[in-house]
1. If B:Lys542 meets every condition in (1) basic (Lys, Arg); (2) surrounded by fewer than 13 Cβ atoms within 10 Å (Cβ to Cβ); (3) touching a residue at least 24 places away in the same chain (Cβ under 8 Å) apart from one, which number is that one?
2. From B:Glu197, B:Glu175, grab the single residue that is under 30 Å from B:Glu265 (Cβ atoms), among the acidic types (Asp, Glu) and surrounded by fewer than 19 Cβ atoms within 10 Å (Cβ to Cβ).
3. Tell me, which residue of the range B:85-111 that is within 27 Å of the chain's Cα centre (by Cα) and among the acidic types (Asp, Glu) is most open to solvent (accessible area, probe 1.4 Å)?
4. If B:Thr210 passes every condition in (1) assigned to a loop (DSSP other than H, G, I, E, B); (2) within 14 Å of another protein chain (Cβ to nearest Cβ); (3) surrounded by 14 or more Cβ atoms within 10 Å (Cβ to Cβ) but one, which one does it miss?
5. Return the residue satisfying two criteria in turn: it lies in the range A:56-75 and is within 8 Å of chain B (Cβ to nearest Cβ), open to solvent by less than 30 Å² (accessible area, probe 1.4 Å) and not in a strand (DSSP E or B), and of such residues it is farthest from A:Pro34 (Cα to Cα).
6. Under 7 Å between Cβ atoms, which residue pairs at least 6 apart in sequence (or on different chains) link something in the range B:97-124 that is touching a residue at least 24 places away in the same chain (Cβ under 8 Å) and closer than 22 Å to A:Leu27 by Cβ with a partner that is open to solvent by less than 10 Å² (accessible area, probe 1.4 Å) and acidic (Asp, Glu)?
7. Among the candidates B:Thr158, B:Thr123, B:Thr114, which residue alone is farther than 16 Å from B:Thr180 by Cα and at pLDDT 95 or above?
8. Would the range A:29-44 turn up any residue that is closer than 21 Å to B:Tyr308 by Cβ, in contact with a Phe, Trp or Tyr (Cβ under 8 Å, 6 or more places away or on another chain) and surrounded by fewer than 20 Cβ atoms within 10 Å (Cβ to Cβ)?
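The values are calculated or read from the model by the stated rules, or taken from the named source; none is laboratory data. It should be emphasised that the depicted structure is a prediction, and the values quoted were computed from it without experimental measurement. Note that each Cβ is placed from the backbone with ideal geometry, even for glycine, and that neighbours are counted across all protein chains shown. Only protein heavy atoms, including side chains, enter the accessible area calculation; ligands, DNA and RNA are left aside. Shrake-Rupley method; radii C 1.70, N 1.55, O 1.52, S 1.80 Å.
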Amino acid sequence: MLLKDMRVGQQGRIMALRSEGLHCRRLCEMGFLPGTEFSVIHRAPLGYPLALKVRGYEVIIGKTDAATVEVEAQHEINA
Amino acid sequence: MKSTHEGLEVEQVRGSLSPSGAAKSADARHVMLAGNPNCGKSTIFNRLCNMHVRTGNYPGVTVSRHVGNFAPDVQLIDLPGTYSLSSASTDEQVASSELLDNDAELIVNIVDGTSLERSIYLTLELKMLGIPMILVINMWDEVKKQGIVIDTAKLAETLQTDVIAVSAATGEGLEELKRTLNDYPYGIRPPVYLGSESIRDRLEDAARVTPDLFKPLAIYYAKSALIGDRYPKGLEESDQWKDAIRKAREELTADGKTIYQSFAEDRYAFIDSVLKECVGRDEKREAKESGAKGTLTDRIDSVVLNRYAAFPVFLLIMFAVYYISVTWLGSIATDWTNDTLFGETVIPSVSEGLASLGAADWICSMVADGIVGGVGAVLGFVPQMVILFALLSILEECGYMTRASFILDRLFNMLGLSGRAFIPYLIGSGCGVPALMTARTLGSESERRITLMTTTMIPCGAKLPIIIVFSGAVFSDVPFFAPLMYLAAVFMIVISALILKKFHSFKQSSAPVMLELPAYHIPMLRVVLLSIWHRTRGYVIKAGTIIMPCVAILWLLTHIGFAGEEQQFRMLEDEETGESLVADIVKPVSVVFAPVGFDDYRASVAVITGLLAKESIVSTMAVFTQSENPEDMDEEASDEEVEEARNSFYEALRNNMFDIKNRGTVGVLAALAFVFFNLFTIPCVAAVGVLRKEIGSSRLFWLAVAYQLAFSYGAALVTFQLGALFCGVGSFGIWTAVAILYLLAIAYIIFIKKAPSQQEDLMEPIRFKQIA
């Protein structure tokens, strides 16, 4: 599944990056790499961006980028 | 990036409201403060150099380098935040080009102790430069509070660098940092790649065959070339080097991963292993934390970023900020200074004082009515500025800015912008100069251009007096007139963005939207007060340096001229200003404003002086209307008399400039057109200068100026012509037709014209200028 389809409160693990160029570079720099675990903490009122907790910090990610990250959903933290 | 940015790399653009720093001197040692956005570089810089550069709790406050003197022979250079040296946006380019400028003798790498994992990524990149480095772990107080335990000695050993823990907020550790800086053993360190052997060996292979000229940065250049980033062109002359790079790239991408990903994975794997060794958690503390149901930030965000509450909370905050500073508290403050301070005390006592010194009548009049009246009209708004700047500063410091970007992102997308563009617009309501510079942080070229062209339409602090004066003089029966002007500005920006994004120069390009959410903190009183002080000081200094000479000259020009039947050149009486020199000069120009209703030469003069500084519009009006002011109001003036004095200024404004007495509704519409034109047209010269530097090409600059002039004139035309038609007080003329055509053209562009096809804003690997 893609990162953009995750629900608030879900935890997941990044499987693969499907972007190129600047987009891929920025994701890598910020530590979005296969195997990295994260949780979705907020979703903006209009659906996007998402706010994630990853590698101990919080970051917002736009729809375009979230649509290029393949993830695997794990259990929910507080359903 | 695009070549248009080359000029920005080392050039420092200074805003009129940002304190000026020292110049970079060639014989001092240069110490670079580098780190991720919002890790506290500028706060530490201010503490170390006793300076007051702009700070805030959101990423991207610093957009150009700041130079400060730390010791007689040591200069600190505060850089914009960046996540890596493969720069994306303009502000990040400033950082990487400074670091690679080969005059850096020491890097102070500041990291946020609460998110070491991500921060050290940049540290590893900096280690490749072979420049001595001190790792400063900031936010140490927060680290302790969160129960994070960092073994600094072990970290120092693994990363082969000095490690100092500080807290810029509390001042902890800063003395140690100062001491370390004072007797630092400078020199060159061997550049190292900290990571797996497979990558290190390949980089070293390439470094071995690097021509001598580029040897010092050989490891870094090899990495840059490998990942397709920039490197000096001269390296390509070495076939051996090119072969080494090619071979390394083939080997590292053999498993189908992008080369950049291989590098990042390698470095994060190294970081994970380091952190496992050096960072632990205080279990007891942690238990307490989670028991309290998350941190304060989490709890605030559960309301502020809640899907349903987010927009209402945002609107409430915005309304509160502008209602308090513009309408409620602000007007109380302004009334007090204008009526009590200036009206009752300063102006009468100045005229009396001058008269008692035996000064000539015309000098008394020039000083009291021209200079004091004109400058006073501007200074009267100082208390209101203080309130506005205080609220903006609190907003910037508390951490809400990034949240607002988050909430608004999708709305801004419709305008071809990203949520991050909210920040320049908000700053623009204080002053346009720093707002234009903040546009550097925006990711895509198109977004930056649209923001640069529209951000000064937001009424800045200097345009606030115009709104207030008109709201009192002409629109006193319109409820919420001032807040409505802010809404009108938002509307104009939306229309502008919708128009601009349909043109080729603003072709939408996509840039990654990734922004760190900072933790909230209570704004430090010291920082807020300093920020108010510096911004207000800028406003007051402008009143002395621009407004004062301006009104003095203006007063003279309005009081000399060829008058009377014999057209003799002489001093004029107050009621003869119609024959003054300024009238003779400006009257031909004011014809331009006939279609929009304010062709009175006094209004035209106000428009022209407004280009120097927007608040000058108010001071100009004060000079022109002083003849109506009671000149010798004594100190025991009663409240009614004061009220009368103010009313007479308003009366004069209404009837001199806009002739509302005779024209009625038409005059009121002309006044509204005047306000619109001045709010949305080209900003003051200071902002225009910054616009020119920031927008990059002179073609775009002139386009921006032409657009702003045409757009604001159009807005005024529609207001005046169609307003008159709508109110049944105008007849259909040629200009009415033009106004209708203008609206139709806008409608065509927005609704029918096709947008240029989307284009990926891929980073072109361009090379450094040849390094001599």
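1. Here B:Lys542 clears every test but (2).
2. Just a single option satisfies the conditions, and that option is B:Glu197.
3. That would be B:Asp101.
4. (2)
5. The selected residue is A:Gly62.
6. B:Tyr121/A:Glu29
7. None of the others qualify; the one that does is B:Thr123.
8. Checked the range A:29-44: no residue is closer than 21 Å to B:Tyr308 by Cβ, in contact with a Phe, Trp or Tyr (Cβ under 8 Å, 6 or more places away or on another chain) and surrounded by fewer than 20 Cβ atoms within 10 Å (Cβ to Cβ).
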